[in-house]
Amino acid sequence: MPKPSEKRLLHLHSLVAYDASFDGFGTTLAGMDEAGRGPLMGPVVAACVILPREPVLEWVDDSKRLSAARREEMERRIREVALYVGVGEAGPEEIDRWNILGATRLAMRRAAAAAPATLCIVDAVTGLDVPFKIHSIAHADATSYHVAAASIVAKVARDRQMASYAALYPGYGFERNMGYATSEHLAALKTLGPTPVHRKSFITKWCGEEAIP
């Protein structure tokens, strides 16, 4: 794997330094993030990660700043060295029932269910039902080393599901749009209708009540 640029390494240093300011860094400090709050279909997926002090994984960053291939490679490396990796999700029916914020909290609770954590840094979500302290900040995936790692794990897990849904429900372009409301996806909804993995509450917002059979 090539070395990151100097700019990226400086950013990595800031991510690690932020987490190192908390008790439990390298042992019981966790980071948690989600993927899939905005799409019209599929689950919202959360990941909770605890990493050791060493090795520092040089390409850990906000998942949105990495290519798909780099995310896949880093997800593998994170799992190789992590002290804990938990993934949880809440499906479309749970999103429709609890709304997306409630479902995100549910997915996070599932991801952290077995985490041996004393403190968890979370990206802008509060009110979590977990047995340890939460430190919630905005843009945590661009601030915290652990949250950036969790963002990679969550994104890769959800993208893999989108690939399987694309094979199961062809014509919507899930392998490209990841369930977001692209023109391709919206056009397919009009011609093909929603699938069983679409979020009815989101479809109603984007397409109107008539879109729900």
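Check Thr118, Thr104, Thr143, Thr126 and return the single one that is in contact with a helix residue (DSSP H, G or I) (Cβ under 7 Å, 6 or more places away or on another chain) and of a type outside the set (A, V, I, L, M, F, W, C).
Working: Thr118 fails: in contact with a helix residue (DSSP H, G or I) (Cβ under 7 Å, 6 or more places away or on another chain); Thr104 fails: in contact with a helix residue (DSSP H, G or I) (Cβ under 7 Å, 6 or more places away or on another chain); Thr126 fails: in contact with a helix residue (DSSP H, G or I) (Cβ under 7 Å, 6 or more places away or on another chain).
Exactly one residue qualifies, and that residue is Thr143.
May I ask you to say which residue of Ala112, Ala154, Ala117, Ala103 is surrounded by 21 or more Cβ atoms within 10 Å (Cβ to Cβ), in contact with a Cys (Cβ under 7 Å, 6 or more places away or on another chain) and not polar (S, T, N, Q)? Explain how you work it out, then say what you get.
Working: Ala154 fails: in contact with a Cys (Cβ under 7 Å, 6 or more places away or on another chain); Ala117 fails: in contact with a Cys (Cβ under 7 Å, 6 or more places away or on another chain); Ala103 fails: in contact with a Cys (Cβ under 7 Å, 6 or more places away or on another chain).
Testing whether each residue is surrounded by 21 or more Cβ atoms within 10 Å (Cβ to Cβ), in contact with a Cys (Cβ under 7 Å, 6 or more places away or on another chain) and not polar (S, T, N, Q) leaves just Ala112.
Test Trp59 against the criterion of being out of contact with any strand residue (DSSP E or B) (no Cβ under 6 Å at 6 or more places or on another chain), of a type outside the set (Gly, Ala, Ser) and in a loop (DSSP other than H, G, I, E, B), and give yes or no. So Trp59 passes the test.
Looking at the stretch 120-134, is at least one residue at pLDDT 95 or above, crowded, with 17+ Cβ neighbours inside 10 Å and of a type outside the set (A, V, I, L, M, F, W, C)? No: the stretch 120-134 contains no residue that is at pLDDT 95 or above, crowded, with 17+ Cβ neighbours inside 10 Å and of a type outside the set (A, V, I, L, M, F, W, C). Consider the stretch 13-34 and keep the residues that are among the hydrophobic types (A, V, I, L, M, F, W, C) and open to solvent by 10 Å² or more (accessible area, probe 1.4 Å). The one that is nearest to the chain's Cα centre (by Cα) is Val16.
The values are calculated or read from the model by the stated rules, or taken from the named source; none is laboratory data. Source: prediction; values computed, not measured. As a convention, Cβ positions derive from the backbone with ideal geometry for all residues, glycine included, and neighbour counts pool all protein chains shown. The area values use the complete protein model at the heavy-atom level, side chains included, leaving out ligands, DNA and RNA. Shrake-Rupley method; radii C 1.70, N 1.55, O 1.52, S 1.80 Å.
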